[in-house]
Amino acid sequence: MKAAYYERTGPAGEVLQLGDMPDPVPSAGEVRVRVLWSGVNPSDVKSRMGFRSKDLPFPRVVPHSDGMGVIDSVGEGVHGGRVGERVWVWNAAWGRPFGTAAQFVVLPAEQAVPLAAGAPDEAGACLGIPALTAMHAVLVAGGVQGKTVLVQGGAGAVGHYAVQFAKQLGAAQVIATAGSEAKAQLARDAGADVLVNYKQEDLTARVLDATGGKGVDRIIEVDIGANGTVDPACMRDGADVVVYGSGQSRFSLDFFPLIARNIELRFFMVYILEREHRARAIKCLDKLLDKGTVRHNIAHRLPLAEIARAHDMVGDGSAGGNVVLRVGG
């Protein structure tokens, strides 16, 4: 099979290679997916750059945890009726050497989820990390029914989904931040009631004005390192901040404004969600996909051969949406 891989960490153009590898064979409890689309996420870029560790966990890494394709064979113990299923996959490269940047990927059967009939093929490569992150951030701790929600970065890969899910799952009001009018329009089209240009406007003043001075019930936070000091001023007492990202590995927060108002901070990584939480998020996501109400902001569809370019766009933030690679079909 054709695959993209790297054998050392470093810049995309220097370490990513394209070559032939043996076709994988599913073991007991596994399925093999013929990959059509592979999704590129910031975590894929960070791993390849060696931000967490310069030492590779495996001699050769085929990157990307997200992808979409068709099951073409199954291992012992998996029902043969799954062959031919159109699926999206999650955690393909989490703790594993072989992700979706290849013509085939083998992984546990539960990590290949049937893709709703109405969802475009390439959208399936955006679900495992961006969409599930957004869904869990909306559903956690009782959900958002009747609540006011602020989505920081409402046009980002996760934020764009979070705006939609919050609105469709009962939020009374969704406020989103964006850094340009074009990004604001993306969030507006996704269902945001109020848009704040964080580069030009006073976020706290706008949020308090939009909520009658009460503040929001929940913030879905893309960058706690950058926004952690301003978030409390935008919140009502007893509200929570659901954090899925930070641009800084170390940051500081003011203790008294948080504890004096019973603000709760909730951190999570989508890769290690508890089984029941992941199952809940997948079930809810599947319902919305079946209804055909989910918008997918796919900014670039590139061939696998342009994987280095894709990594660079995701890494420098210039993509403007999700980036997916056409692998097969």
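The values are calculated or read from the model by the stated rules, or taken from the named source; none is laboratory data. Worth saying up front: this structure is predicted, and the values here are computed from it rather than measured. Positions of Cβ are backbone-derived with ideal geometry, glycine not excepted, and every protein chain shown enters the neighbour counts. Each accessible area value is taken on the protein alone, full model and side chains, heavy atoms only, with ligands, DNA and RNA left out. Shrake-Rupley method; radii C 1.70, N 1.55, O 1.52, S 1.80 Å.
Conditions tested, residue by residue: (1) at pLDDT below 95; (2) hydroxyl-bearing (Ser, Thr, Tyr); (3) out of contact with any Asp or Glu (no Cβ under 6 Å at 6 or more places or on another chain); (4) under 16 Å from LEU36 (Cβ atoms).
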residue: ARG275; (1), (2), (3), (4): no, no, yes, no
residue: LEU285; (1), (2), (3), (4): no, no, yes, no
residue: LYS291; (1), (2), (3), (4): no, no, yes, no
residue: VAL294; (1), (2), (3), (4): no, no, yes, no
residue: ASN297; (1), (2), (3), (4): no, no, yes, no
residue: LEU304; (1), (2), (3), (4): no, no, yes, yes
residue: ASP316; (1), (2), (3), (4): yes, no, yes, no
residue: GLY320; (1), (2), (3), (4): yes, no, yes, no
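Can you confirm whether ALA162 is small (Gly, Ala, Ser), assigned to a strand (DSSP E or B) and touching a strand residue (DSSP E or B) at 6+ places or on another chain (Cβ under 9 Å)? For ALA162, the condition - small (Gly, Ala, Ser), assigned to a strand (DSSP E or B) and touching a strand residue (DSSP E or B) at 6+ places or on another chain (Cβ under 9 Å) - is not met. Checking each residue in region 99-118 for being open to solvent by 60 Å² or more (accessible area, probe 1.4 Å), touching a residue at least 24 places away in the same chain (Cβ under 8 Å) and within 19 Å of the chain's Cα centre (by Cα) picks out only PRO114.
As for region 290-299, it holds no residue that is over 14 Å from CYS126 (Cα atoms), under 17 Å from the mean Cα position of the chain (by Cα) and open to solvent by 60 Å² or more (accessible area, probe 1.4 Å). Specify the residue that is farthest from the chain's Cα centre (by Cα); the eligible residues are those in region 45-60 that are closer than 17 Å to ASP312 by Cα and open to solvent by 70 Å² or more (accessible area, probe 1.4 Å). Going through the qualifying residues, I end up with PHE51.
Taking each residue of region 231-260 that is within 15 Å of GLY213 (Cα to Cα) and looking for partners that are among the basic types (Lys, Arg) with beta-carbon atoms closer than 7 Å, six or more apart or interchain, yields PRO232/ARG261; ARG236/LYS214; ASP237/ARG261; ALA239/ARG218.
For region 18-44, the set of residues classified as surrounded by fewer than 22 Cβ atoms within 10 Å (Cβ to Cβ) and either touching a His at 6+ places or on another chain (Cβ under 8 Å) or of a type in the set (S, T, N, Q) (or both) consists of SER27 only. Can you run down the residue pairs with Cβ atoms below 7 Å, 6 or more apart or on separate chains, where the first is in region 151-177 and closer than 23 Å to ASP44 by Cβ and the partner is open to solvent by less than 10 Å² (accessible area, probe 1.4 Å) and among the acidic types (Asp, Glu)? Every condition considered, the pairs that remain are GLN152/GLU221.
Name the one entry in GLY95, GLY142 that is surrounded by fewer than 22 Cβ atoms within 10 Å (Cβ to Cβ), free of Cβ contacts under 8 Å to residues at least 40 places away in the same chain and not assigned by the TED database to the domain that holds MET21. Steps first, answer last, please.
Values: GLY95 fails: not assigned by the TED database to the domain that holds MET21.
From the options GLY95, GLY142, the qualifying one is GLY142.
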